[in-house]
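As C-alpha cells, the structure follows; a few thoughts come after it.
The values are calculated or read from the model by the stated rules, or taken from the named source; none is laboratory data. A quick note: this is a predicted structure, and the numbers were derived from the prediction, not measured. Here the Cβ positions follow ideal geometry from the backbone for every residue, glycine too, while neighbour counts run over all protein chains shown. With ligands, DNA and RNA removed, areas are computed over all heavy atoms of the protein, side chains included. Shrake-Rupley method; radii C 1.70, N 1.55, O 1.52, S 1.80 Å.
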Amino acid sequence: MRFATKLIHSANPPDAGTGDTTTPIHQTTAYAYDSAAELESVFAGKAPGYVYSRLGNPTLTRLEQRLAAIEEGQAALVSASGMAALTATILTLCQAGDEMVAATSIFGGTYSLLNRTLRRYQINTVFVDPLNSEAIDDAVNEKTKLVIVETIGNPKLDVPDLADIAAVTRRHQVALLVDSTATTPCLVRPIALGADIVLHSASKYLSGNGSCIGGAIIDSGNFSWPSERYEELRKEFGKFGKLAFMAALRSWIHRDIGGCLSPFNAFLISLGLDTLAVRVRQQCETARILAAELCRDKRICEVNYPGLPEHPGHLTARRQFNQQFGALLTLRLGSKQRAFKFLDGLQQILQLTNLGDVRTLAIHPASTFARDADPEERRQMGITEDLIRLSIGLEDAEDLLADIDRSLAGMRNALS
C-alpha cells in the first residue's frame, strides 16, 4: 500500500465484533478475569490480555499498531506526551554515568531535559552540530548510549543528513533516536534511513488540531542490543531478540514511571491519523508559498525555510523528504520590540506554544520555550531576540499573507 492508503487501512480494520470503523474508546481502569490462574498468566506474560490501563489498553494498542505500520517499525508504545516518550526512552537505555550525544538545534524543552534535569541524575549529554557527522563521530565514546537528532531543528530549521549520521552510529554500535515530530512519516520514514528509534510528540501533526497531548516511540527492530554497551538489555534480548528495547521500555520504565496515555487521547490521535497525509501535504505547500512571497518583503530581515533554494539544507531536505520541506518557517524582524509588535498585530494567526495545528500559529521562541537558555545556548539553537516561528495551518495562503502584511504595516507604523 502507498502511504495515504496505509494510513487508513494498515493495522486499522473494522472491529471484528461490531464492524466499527472508528477506534473504540475503552475507557476503563482494569479488566476482569474468570479465574485467578487466568489473571496470573496474563500478568506473567504467558497469555495475551490486559490487566491495568497504565500497562496497556485496547484503544492504545490499536494506535500503537497503526504507528508502527506507517513508520515501518516493528513495535510502538504511546505515552502521555512527547517529553514522557523521550524521558522513558532515555531511562530505558541510560543510567548514572552514561552519556548521550544530541543536536545543538533540538527543541528547547528537550534541551532543558538533557542539559539540566538529567544531569542531576548523572546522565550527561554532549551537544554537537548535527550537520557535522565528524563531530558526532568524535563525541561518541564507550559511555555513549544514545545519539539524538531531529529531522528538522526546531526552530533553527537545519536539516541533518539522517543516513550520514546513521552510518556513524552503526559504526559505533550505538542507538540512533530520531525525533520526527516536524516531518511525520508523510515526509520521511527515518527507520529506512537508519534510525533505530523514532519519536513523535503526537500532540502536533499526528493529532492535528490541538485537542490532546500524547507521545509515541517506534522501535525499528533492527538494532542488535546484546553488547557490553547495553548490558542491562541482555536479559530482554534473550527473551525478545531485537525487540529487547521495546520489551524493557514497556515492562519496566513505562510501567514503573507511569507516563501512560489516556484512552480518550489515543482515540483523538487515531482520528487525526486518518487525515494526516492530506493535511501535511497542504500545510507544506502553503508554507512554501508563504516563504517564497515573504522572502521578497523588505520589511522582513530574513526568512528561513528549507524549501527556499538558498537554505543550506535545501538539497538534503529535497532528497530526504521527497521534495517536501515541512510546514515550519521563521522570520527575523530586526529586534524583539518589532517582533512583539508584529505578533500583537496578527488577527487570524494565533499566538500559542504549539505546532502542527490546522490553525496557523506564531510564537517568539526567545521569550517562551527557550527563555531558560543562556545567550550561547540560544545561539546554538538558532534563536535570536527578533525571531518568530510560524507553524502553517490549513487556511488559504492568500488570507495568511494578508494577515501578515497588515501586521507588518502596523508594526512599521507604530515604530516609525
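Residues that are open to solvent by less than 50 Å² (accessible area, probe 1.4 Å), over 30 Å from ARG359 (Cβ atoms) and in contact (Cβ under 8 Å) with a residue 12 or more places away in the chain do not occur anywhere in the stretch 205-218. Within the stretch 223-240, being without any contact (Cβ under 8 Å) to a residue 40 or more places away in the chain and open to solvent by 20 Å² or more (accessible area, probe 1.4 Å) holds for PRO226, GLU228, GLU231, ARG234, LYS235, GLU236, PHE237, GLY238, LYS239, PHE240.
The residue list ASP374, ASP403 contains one member that is within 16 Å of ILE106 (Cβ to Cβ) and out of contact with any strand residue (DSSP E or B) (no Cβ under 9 Å at 6 or more places or on another chain), which is ASP374. Scanning the stretch 311-348 for residues that are assigned to a loop (DSSP other than H, G, I, E, B), in contact with a Ser or Thr (Cβ under 8 Å, 6 or more places away or on another chain) and crowded, with 23+ Cβ neighbours inside 10 Å yields GLY326, ALA327. Among the residues making up the stretch 292-310, those that are closer than 16 Å to GLY382 by Cβ and not in a loop (DSSP other than H, G, I, E, B) are GLU302, VAL303, ASN304. Assess whether ALA339 counts as being among the hydrophobic types (A, V, I, L, M, F, W, C) and within 26 Å of the chain's Cα centre (by Cα). Spelling it out, it is not the case that ALA339 is among the hydrophobic types (A, V, I, L, M, F, W, C) and within 26 Å of the chain's Cα centre (by Cα). Candidates in the stretch 21-76 are the residues that are of a type in the set (Ser, Thr, Tyr), outside any loop (DSSP other than H, G, I, E, B) and closer than 16 Å to ALA11 by Cβ; of these, the one that is most open to solvent (accessible area, probe 1.4 Å) is THR61. Looking at the structure I just gave you, is ALA292 over 30 Å from PRO58 (Cβ atoms), in contact with a Gly (Cβ under 9 Å, 6 or more places away or on another chain) and free of Cβ contacts under 8 Å to residues at least 24 places away in the same chain? Considered against the rule, which asks whether it is over 30 Å from PRO58 (Cβ atoms), in contact with a Gly (Cβ under 9 Å, 6 or more places away or on another chain) and free of Cβ contacts under 8 Å to residues at least 24 places away in the same chain, ALA292 comes out as yes. In the stretch 242-255 there is no residue that is surrounded by 24 or more Cβ atoms within 10 Å (Cβ to Cβ) and within 17 Å of the chain's Cα centre (by Cα).
Evaluated against (1) in contact with an Asp or Glu (Cβ under 7 Å, 6 or more places away or on another chain); (2) closer than 18 Å to VAL101 by Cα, ASP196 falls short on exactly one condition, (1). The helices (runs of 4 or more DSSP H) found wholly in the stretch 88-204 and carrying at least 3 residues that are among the charged types (D, E, K, R) occupy 133-139, 162-172.
The residue that is most open to solvent (accessible area, probe 1.4 Å), among those in the stretch 8-20 that are in a loop (DSSP other than H, G, I, E, B), on the phi < 0 side of the Ramachandran plot and not hydrophobic (A, V, I, L, M, F, W, C), is THR18. With the structure loaded, tell me whether THR125 is under 26 Å from ILE383 (Cα atoms), without any contact (Cβ under 8 Å) to a residue 60 or more places away in the chain, crowded, with 20+ Cβ neighbours inside 10 Å and of a type outside the set (Asp, Glu) or whether it fails that test. So THR125 passes the test.
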